[in-house]
Amino acid sequence: MSTTRQIRKIVTGTTQLDGAGVKLVRVIGHDDTKEFDPFLMLDAFDSRNPDDYTKGFPWHPHRGIETVTYLIAGDIEHSDSLGNKGRILDGCCQWMTAGSGILHQEMPQPSERMLGVQLWLNLPRKNKMTHPQYRDITDSMIPKVQQDGSTVAVIAGHYKDTQGATQGDYVKTLALDVQLEPKSQWNIPTDTEATLFIYIVEGAGYFDADRQTMIESHRAVLFDQGDSFAIQAADSGIRFLLFSGLPLREPISWGGPIVMNTREELQQAFREIDNGTFIKK
Ligand code: FE2
């Protein structure tokens, strides 16, 4: 019997200052790790005022996670301890595997509108100390599928017969940017066991079978398990990001930019930062 995924939880998050003073909405975070496993955090940016974000995120470490930055609009300069340097621009995605350790800075530049997200994806215990790497996925590397009132950018995983720009090296991840015309319906088959949530960027939609509850933008919606996901766009149409992956079900020990499995591993990471041995050759 097929089961369409039902709404489990609607989350709005809280406005916070992070980095050197970047105003963002922490949509999911520390308190959500059990339900959103393997996803740890989602920060959302939507600003037309550069003062909200140009202080940026100066040099800081990460270990044990992947950070996935997807910009619908904006300009973020980045550089890292591996010697990479670049810019994330409109429609681009930076998929960074922190692994054993990376130092980087992420500095948003003034633009007409900064609109996007940063997702933290947990690494499985066996891959926490893997080699760090950046994957710069430019707009042209992300396939777009247009059909029946929908435009789907396949950032990761696959949609219909189209393979995304990446599959996720450690956690197989589905990441889609979905735009639907007003009142159009859209559905996909889903891995029954996988965690699936969306973040509504613009517009609104209905996710229940009787089309009673309209959910508007700037909210994340977590769904129960099931083998399909269905939505009907409201009169305004909708644009949302969809993320899905199998839960890791491993212990989490989280300290700021570092996420390990145990307290000892976390303490060791901070000791290594202090004594200069954090970055592995
Ligand atoms: Fe970072």
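So which residues in segment 101-134 are crowded, with 20+ Cβ neighbours inside 10 Å, part of a loop (DSSP other than H, G, I, E, B) and among the hydrophobic types (A, V, I, L, M, F, W, C)?
Leu123
Rundown of residues vs (1) in contact with a Cys (Cβ under 9 Å, 6 or more places away or on another chain); (2) of a type in the set (Ser, Thr, Tyr); (3) touching a residue at least 24 places away in the same chain (Cβ under 8 Å), yes/no style:
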residue: Glu193; (1), (2), (3): no, no, yes
residue: Tyr199; (1), (2), (3): no, yes, yes
residue: Ala220; (1), (2), (3): no, no, yes
residue: Gln232; (1), (2), (3): no, no, yes
residue: Leu248; (1), (2), (3): no, no, yes
residue: Gly255; (1), (2), (3): no, no, no
residue: Glu265; (1), (2), (3): no, no, yes
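Would you check if there is a residue in segment 23-34 being farther than 21 Å from Ile200 by Cβ, in contact (Cβ under 8 Å) with a residue 12 or more places away in the chain and crowded, with 17+ Cβ neighbours inside 10 Å?
Yes - at least one qualifying residue is present in segment 23-34.
Starting from residues that are polar (S, T, N, Q) and open to solvent by 10 Å² or more (accessible area, probe 1.4 Å), keep the ones in segment 48-78 and report whichever is farthest from the ligand (Cβ to nearest atom).
The residue in question is Asn49.
Can you tell me which residues in segment 182-201 are part of a strand (DSSP E or B) and under 21 Å from Asp161 (Cβ atoms)?
Gln185, Trp186, Asn187, Ile188, Pro189, Leu196
On the given criteria, is Thr192 at pLDDT 95 or above, open to solvent by less than 10 Å² (accessible area, probe 1.4 Å) and among the hydroxyl-bearing types (Ser, Thr, Tyr)?
no
Matching residues to (1) closer than 30 Å to Glu250 by Cβ; (2) out of contact with any Asp or Glu (no Cβ under 9 Å at 6 or more places or on another chain):
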| site | (1), (2) |
| --- | --- |
| His158 | yes, yes |
| Gln167 | yes, yes |
| Leu176 | yes, yes |
| Gln185 | no, no |
| Thr192 | yes, no |
| Glu216 | no, yes |
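Out of everything in segment 135-146 that is open to solvent by 30 Å² or more (accessible area, probe 1.4 Å) and modelled with pLDDT of 95 or more, what residue ends up being farthest from the chain's Cα centre (by Cα)?
Of everything passing the filter in segment 135-146, Gln146 is farthest from the chain's Cα centre (by Cα).
Which of the residues that make up segment 153-182 are touching a residue at least 40 places away in the same chain (Cβ under 8 Å) and out of contact with any strand residue (DSSP E or B) (no Cβ under 6 Å at 6 or more places or on another chain)?
Asp169, Tyr170, Lys172
The values are calculated or read from the model by the stated rules, or taken from the named source; none is laboratory data. As the structure is a prediction and not an experimental result, all values here were calculated from the model. Glycine also receives a Cβ, built like all others from the backbone with ideal geometry; neighbour counts cover every protein chain displayed. Quick note on the areas: whole protein, heavy atoms, side chains included, nothing else; ligands and nucleic acids left out. Shrake-Rupley method; radii C 1.70, N 1.55, O 1.52, S 1.80 Å.
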